[in-house]
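Each remark here refers to the structure printed beneath this line.
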Amino acid sequence: MAVGWLLWGTAVLLLLHVLMELSPAVNFALRIGFYYLLCIVGSALTAPVCLLVNGGRTVKNMRIIKNVVKTFKYFFGLRFEVKGLENFNMEGPAIIVSNHQSMLDMMGLMEILPDDCVQVAKKELMYAGTVGLLIYLGGVIFINRKSTSSAKMVMAEVAKTMAADNVKVWVYPEGTRNCTGDFLPFKKGAFHLAIQAQVPVIPVVYSSFTSFYNPKKNLFTSGKVKVEILPPIETKGLTSDDVSELTNRCFHTMRETLFSDF
């Protein structure tokens with residue numbers, strides 16, 4: 001009986017391997033499925049550790065989560081080449097902004113996430129099963145993107161939290177995933193927040209994933225991601241009148257970096 005199951009298992013694995021080689025759609029579906037499975041299982045195993053070590057919802061749990069997620073890249077053959085990591089070595093709170101390409105961004109985020117840093121995410125993620133539980137325990141700040149007034153109230157509270165808890169906040173200013181290989185226009189919320197709190201903005205640029213990940217083409221292979229952390233942009237002395245200029249400055253600086261083949 002055991003030999004029979006072993007033979008069947010081997011045959012299934014061989015069949016899947018052949019299908020992955022012959023069909024990009026099958027290869028893409030299986031790799032995406034495995035990624036989701038890894039997220040679910042990883043979060044289910046990590047959440048109890050966060051509760052035992054830190055007792056509940058706290059940004060300190062992000063260090064545990066980071067170490068777990070950093071192992072995911074080995075399953076998918078991804079390599080990260082990072083420049084400018086020293087720009088995170090600054091005292092006090094800051095707003096970190098980066099481009100947002102796909103669900104794989106989580107791996108890129110955790111590859112360089114500094115200590116005492118929380119992310120801003122859409123409220124819907126809080127209900128994503130064990131993944132939602134884990135990011136809740138990590139102190140992620142959830143906003144309702146459909147309600148402008150609610151989002152503004154949350155961001156006002158974030159400004160107070162940054163000052164009180166001395167944390168950095170990571171925001172995706174495009175507001176949604178964008179796998180075109182370019183940037184979408186930046187929303188101004190993160191820059192309002194930086195000026196309101198009088199904290200620096202640290203831009204982070206990830207190279208385009210399109211050479212190894214493209215859902216429209218059923219493409220998901222191994223690849224290299226270049227990451228550059230740019231020098232902080234100070235906001236001290238700026239007012240709400242400067243929000244548009246700050247937003248445009250960050251947008252153009254990050255876009256130039258993206259297309260400079262850094």
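The values are calculated or read from the model by the stated rules, or taken from the named source; none is laboratory data. The shown structure was predicted, so the numbers you read here are calculated from the model rather than taken from an experiment. Reconstructed Cβ throughout: ideal geometry from the backbone, glycine too, with neighbour counts over all protein chains shown. Areas reflect the complete protein model, heavy atoms only, side chains present, ligands, DNA and RNA absent. Shrake-Rupley method; radii C 1.70, N 1.55, O 1.52, S 1.80 Å.
A few points about this structure:
- Close pairs from region 113-139: first assigned to a loop (DSSP other than H, G, I, E, B), partner modelled with pLDDT under 95 and aliphatic (A, V, I, L, M), Cβ under 6 Å, at least 6 apart: 116/59; 116/167; 139/59; 139/118
- Boolean, residue 91 is of a type in the set (Asp, Glu) and either touching a strand residue (DSSP E or B) at 6+ places or on another chain (Cβ under 8 Å) or touching a residue at least 40 places away in the same chain (Cβ under 8 Å) (or both): no
- Look at region 249-262: where a residue is closer than 17 Å to residue 82 by Cα and a partner is outside any helix (DSSP H, G or I) and aliphatic (A, V, I, L, M), sitting 6+ places away or on another chain with Cβ atoms under 7 Å, you get 254/205; 257/205; 257/230; 258/205.
Yes/no matrix, rows are residues, columns are (1) open to solvent by less than 20 Å² (accessible area, probe 1.4 Å); (2) under 30 Å from residue 30 (Cβ atoms):
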| site | (1), (2) |
| --- | --- |
| 64 | no, yes |
| 74 | no, yes |
| 79 | no, yes |
| 101 | yes, yes |
| 115 | no, no |
| 137 | yes, yes |
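- Cβ-Cβ distances below 9 Å connect the following pairs, each with a first residue in region 222-245 that is within 30 Å of residue 35 (Cβ to Cβ) and assigned to a strand (DSSP E or B), a second residue that is of a type in the set (Lys, Arg) and open to solvent by 70 Å² or more (accessible area, probe 1.4 Å), and a separation of six or more residues or different chains: 223/79; 224/79; 225/79; 226/83; 227/83; 228/83; 229/83.
Yes/no per residue for (1) open to solvent by 80 Å² or more (accessible area, probe 1.4 Å); (2) within 21 Å of residue 224 (Cα to Cα); (3) assigned to a helix (DSSP H, G or I):
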{"site": "27", "(1), (2), (3)": "no, yes, yes"}
{"site": "31", "(1), (2), (3)": "no, yes, yes"}
{"site": "37", "(1), (2), (3)": "yes, no, yes"}
{"site": "46", "(1), (2), (3)": "no, no, yes"}
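- Within region 180-194, residues that are under 15 Å from residue 254 (Cβ atoms) have Cβ atoms under 6 Å from residues that are open to solvent by 40 Å² or more (accessible area, probe 1.4 Å) and at pLDDT below 95 in these pairs: 181/210, counting only partners at least 6 apart in sequence or on another chain.
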